[in-house]
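Asker: The structure under discussion is supplied below as structure tokens; questions concerning it will follow.
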Amino acid sequence: MKRFGFFVVALAFVLFVGACAPAPTPAPPTTAPAAKPTVAPTTAPAPAPTPTSIRAALTSGCHLILSTTTSTADSGLLAFILPDFEKKSNCKVDVIAVGTGQAIQIGQKGDADVLLVHDRAREDQFVKDGNTKERFDVMYNDFIVVGPKNDPAKITGVTMGADALKAIANAKAAFMSRGDGSGTHAAEMRIWASVNISPTKDLQWYNSLGQGMGETLLSSNEKGAYTIADRGTWLSMTGKLPNLVVLVGGNDISQNKDKALFNPYGLMAVNPDKFKGINAEKANEFVKWMLSVETQKMIGSYKDKTGQILFYPHAKQ
Amino acid sequence: MDELSRGFFQALELIFSADPALYEIIFLSLRVTGLALLFSTLIGVPVGATLGLSRVRARGFITVLLYTGMGLPPVVVGLFVYLMLSRSGPFGALGWLFTPSAMVTAQIIIAFPLVSGLTMAAVQGVDPALRVQVRSLGATRAQEVWAVLREARLGVVAAIVAAFGGIISEVGAVMLVGGNIEGKTRVLTTAIVLNTRTGEFSLAIALGVILLGLAFVANVAMLRLQGKE
């Protein structure tokens, strides 16, 4: 019967040790196999990973919270450029990668120091509400319409996104929408509105997923459906989407003739007068750094695993 | 199927690769869940035992509350903790949002009803004659509670095990309040979501296998300690 008491003590001890165990000691950077980009990004010019213990994470000096869209993080761009900022400013950047809708919401509550998002209408609203002092152009890429190879809506060769969506609606061909309030979702809705179609859940062919770009592309691939994607995510995942092809927008941005498919990213430091605890000094430093000639060059030089350029610098110098 | 088998082998490969990023994720998962389990056990077991032994009028109502709490969707808990810890929320000054502390807080709220509710049920299942007997032998109130808990140990350990399983595999809350920050708040479950999102299915499966393995080892350890009587 003594064993139960022993169990309680042992459990407490195990949990306590588990909780307080020091962080793993810094190990030399391993050359991670290319198949696992998200555990250890291989694209980054390998700064030694600096493990943080709970205590270190809680107490250590400088942290800048960057709330951004999944495309900038999942594409590997941030892992490529951020180490330069962290070195120069001696400040760690915590990346919260969510849909643009949630990213802006986080900024609106003052829970991030700086935002990198792509939904012009909501960015302008963010400025108007006084949540930031200024919005800066920083980079762009474009949206494309992708769909099944057999192309039931016959949009191959169409150059305008609006015409393509209209044809998809007329053909009642399956379409996957992000449906998550992201920047890509907002762009899609703008195009539907431009052709006076308001897709609803009652339409058999229209699927509002409420998911990220990756999941939406994967679902489209499974179901043989059309969707609108940002080119960066598309390029980073093409190998996993054997049933889909680009139908509007061409093979690179220079072949994209539709202005409505232009996808600019905005950079905004959260207004420190509005919220307590904003790291305004580093946020402004970050904005300056992002817009600097060197960083802009770095953004334009970033290539993904397949050797494609994903983002184009766009800052006014 | 291809993805499944590849995922399984990749899991083995990952475990033996000594990849520091992976171990960081595993340690953080264990640390966050361990701390949350520690706190919810320290609070939940006494609360559950007290409720199980007492004759308060409101016990029926409290029981319903606790059992309902077991069904709390983790995302809702996460959203609640997020709004509390947000800079524009009541506890924003703590600066806990997007840190492991926020994740521990959310997981305590998820685990507490499990620990206390199941402890209460276990204690209620103990033969009342035991208490009479212990008291007649001159035991103090604390000794009496201890005797009952010892008798109910199977159920109490089951409560802790259930809570452990509930929070180590939970993703909705830690994603929201932790933010899945690489090297800081990324745990096994959020890494699985990230890899699923980006189509790295076999890596996601590999991390899932590792998570299962951890849960298995933890449960074996807990059941061992519990004894076989």
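Asker: With modelled with pLDDT under 95 and in contact with a helix residue (DSSP H, G or I) (Cβ under 9 Å, 6 or more places away or on another chain) as the only criterion, which of B:ARG87, B:ARG31 stands out? Don't jump to the end; show me each part of the working.
Answerer: Values: B:ARG31 fails: modelled with pLDDT under 95.
Answer to the selection: B:ARG87.
Asker: Would you say A:ALA229 is buried (at least 20 other Cβ atoms within 10 Å of the Cβ), touching a residue at least 24 places away in the same chain (Cβ under 8 Å) and more than 23 Å from A:GLY101 (Cα to Cα)? Don't jump to the end; show me each part of the working.
Answerer: Details: buried (at least 20 other Cβ atoms within 10 Å of the Cβ): yes; touching a residue at least 24 places away in the same chain (Cβ under 8 Å): yes; more than 23 Å from A:GLY101 (Cα to Cα): no.
Judged against the criteria, A:ALA229 is not a match.
Asker: For the stretch B:75-95, does any single residue satisfy the condition of being assigned to a helix (DSSP H, G or I), touching a Phe, Trp or Tyr at 6+ places or on another chain (Cβ under 8 Å) and more than 9 Å from chain A (Cβ to nearest Cβ)?
Answerer: Within the stretch B:75-95, the first condition is being assigned to a helix (DSSP H, G or I), and the residues that meet it are B:75-85, B:92-94.
Still in the list and also touching a Phe, Trp or Tyr at 6+ places or on another chain (Cβ under 8 Å): B:84-85.
Cutting the leftovers down to more than 9 Å from chain A (Cβ to nearest Cβ) gives us B:84.
Yes, the stretch B:75-95 has at least one match.
Asker: Now for a different question. Between A:PHE85, A:PHE80, which is of a type in the set (Phe, Trp, Tyr), in contact (Cβ under 8 Å) with a residue 12 or more places away in the chain, in the same structural domain as A:HIS63 (by TED's automatic domain parsing) and in contact with a helix residue (DSSP H, G or I) (Cβ under 6 Å, 6 or more places away or on another chain)? Steps first, answer last, please.
Answerer: Details: A:PHE80 fails: in contact with a helix residue (DSSP H, G or I) (Cβ under 6 Å, 6 or more places away or on another chain).
Being of a type in the set (Phe, Trp, Tyr), in contact (Cβ under 8 Å) with a residue 12 or more places away in the chain, in the same structural domain as A:HIS63 (by TED's automatic domain parsing) and in contact with a helix residue (DSSP H, G or I) (Cβ under 6 Å, 6 or more places away or on another chain) holds for just one of A:PHE85, A:PHE80, which is A:PHE85.
Asker: How do the pairs read when you match residues in the stretch B:198-212 that are within 9 Å of chain A (Cβ to nearest Cβ) and closer than 13 Å to B:SER29 by Cα with residues anywhere that are among the small types (Gly, Ala, Ser) and assigned to a helix (DSSP H, G or I), using Cβ under 7 Å and keeping only pairs 6 or more apart or on different chains?
Answerer: Close Cβ pairs (under 7 Å, with a partner that is among the small types (Gly, Ala, Ser) and assigned to a helix (DSSP H, G or I)) amount to B:LEU207/B:ALA191.
Asker: Any residue that is at pLDDT below 95, of a type in the set (S, T, N, Q) and closer than 20 Å to B:LEU97 by Cα - is there at least one of those in the stretch A:80-100?
Answerer: Yes, that holds for at least one residue.
Asker: Can you pull out every residue in the stretch B:42-56 that is within 11 Å of chain A (Cβ to nearest Cβ) and touching a residue at least 40 places away in the same chain (Cβ under 8 Å)? Give the steps one after another, and end with the answer.
Answerer: Initial filter on the stretch B:42-56 (within 11 Å of chain A (Cβ to nearest Cβ)): B:42, B:45.
The one that is within 11 Å of chain A (Cβ to nearest Cβ) and touching a residue at least 40 places away in the same chain (Cβ under 8 Å): B:VAL45.
Asker: Another question, then. List every residue pair whose Cβ atoms sit under 7 Å apart, with the two residues 6 or more apart in sequence or on different chains, where the first one lies in the stretch B:13-41 and is facing chain A (nearest Cβ under 7 Å) and the second, anywhere, is among the aromatic types (Phe, Trp, Tyr).
Answerer: B:LEU37/B:PHE164; B:LEU38/A:PHE16
Asker: Looking only at the stretch A:265-292, which residues are outside any loop (DSSP other than H, G, I, E, B) and without any contact (Cβ under 8 Å) to a residue 60 or more places away in the chain? Lay out the reasoning, then the answer.
Answerer: Taking the stretch A:265-292 as the starting set, the residues that turn out to be outside any loop (DSSP other than H, G, I, E, B) are A:265-270, A:280-291.
Matches in the stretch A:265-292: A:GLU281, A:ASN284, A:LYS288.
Asker: Before we move on, is B:THR119 among the polar types (S, T, N, Q), within 14 Å of another protein chain (Cβ to nearest Cβ) and out of contact with any Cys (no Cβ under 6 Å at 6 or more places or on another chain)?
Answerer: Yes; evaluated as a whole, the condition is true for this residue.
Asker: Right, another one. Could you please give the count of residues in the stretch B:175-204 that are in a helix (DSSP H, G or I), over 22 Å from the mean Cα position of the chain (by Cα) and not aliphatic (A, V, I, L, M)?
Answerer: Qualifying residue count for the region: 5.
Asker: In the stretch A:202-226, how many are surrounded by 19 or more Cβ atoms within 10 Å (Cβ to Cβ), of a type in the set (A, V, I, L, M) and away from chain B (no Cβ under 14 Å)?
Answerer: First, the residues of the stretch A:202-226 that are surrounded by 19 or more Cβ atoms within 10 Å (Cβ to Cβ): A:206-207, A:211-218, A:220-221, A:225-226.
Of the ones still in play, those that are also of a type in the set (A, V, I, L, M) are A:213, A:217-218, A:225.
Remaining after also requiring away from chain B (no Cβ under 14 Å): A:225.
Total satisfying the criteria: 1.
Asker: Looking at this structure, is B:GLN226 more than 30 Å from A:THR68 (Cβ to Cβ) and facing chain A (nearest Cβ under 9 Å)? Show your work before the answer.
Answerer: Working: more than 30 Å from A:THR68 (Cβ to Cβ): yes; facing chain A (nearest Cβ under 9 Å): yes.
So B:GLN226 fits the description; yes.
Asker: So how many residues does the stretch A:116-173 have that are basic (Lys, Arg), outside any helix (DSSP H, G or I) and either touching a Phe, Trp or Tyr at 6+ places or on another chain (Cβ under 6 Å) or closer than 30 Å to A:LEU267 by Cα (or both)? Walk me through it before giving the result.
Answerer: Initial filter on the stretch A:116-173 (basic (Lys, Arg)): A:120, A:122, A:128, A:133, A:135, A:149, A:154, A:166, A:172.
If we keep only those that are outside any helix (DSSP H, G or I) as well, we get A:133, A:135, A:149, A:154, A:172.
If we keep only those that are either touching a Phe, Trp or Tyr at 6+ places or on another chain (Cβ under 6 Å) or closer than 30 Å to A:LEU267 by Cα (or both) too, we end up with A:133, A:135, A:172.
Residues in the stretch A:116-173 being basic (Lys, Arg), outside any helix (DSSP H, G or I) and either touching a Phe, Trp or Tyr at 6+ places or on another chain (Cβ under 6 Å) or closer than 30 Å to A:LEU267 by Cα (or both): 3 in total.
Asker: Return yes or no: is A:ALA112 touching a strand residue (DSSP E or B) at 6+ places or on another chain (Cβ under 6 Å), touching a residue at least 40 places away in the same chain (Cβ under 8 Å) and among the aliphatic types (A, V, I, L, M)? Steps first, answer last, please.
Answerer: On the way: touching a strand residue (DSSP E or B) at 6+ places or on another chain (Cβ under 6 Å): yes; touching a residue at least 40 places away in the same chain (Cβ under 8 Å): yes; among the aliphatic types (A, V, I, L, M): yes.
Yes: the conditions hold for A:ALA112.
Asker: May I pose another question? Residues B:ALA173, B:ALA163, B:ALA215: which one is more than 10 Å from chain A (Cβ to nearest Cβ) and surrounded by fewer than 19 Cβ atoms within 10 Å (Cβ to Cβ)? Even if it seems obvious, please write down each step before you answer.
Answerer: On the way: B:ALA173 fails: surrounded by fewer than 19 Cβ atoms within 10 Å (Cβ to Cβ); B:ALA163 fails: surrounded by fewer than 19 Cβ atoms within 10 Å (Cβ to Cβ).
One residue alone meets the criteria, B:ALA215.
The values are calculated or read from the model by the stated rules, or taken from the named source; none is laboratory data. No experiment lies behind these values; they were computed from the predicted model shown. Reconstructed Cβ throughout: ideal geometry from the backbone, glycine too, with neighbour counts over all protein chains shown.
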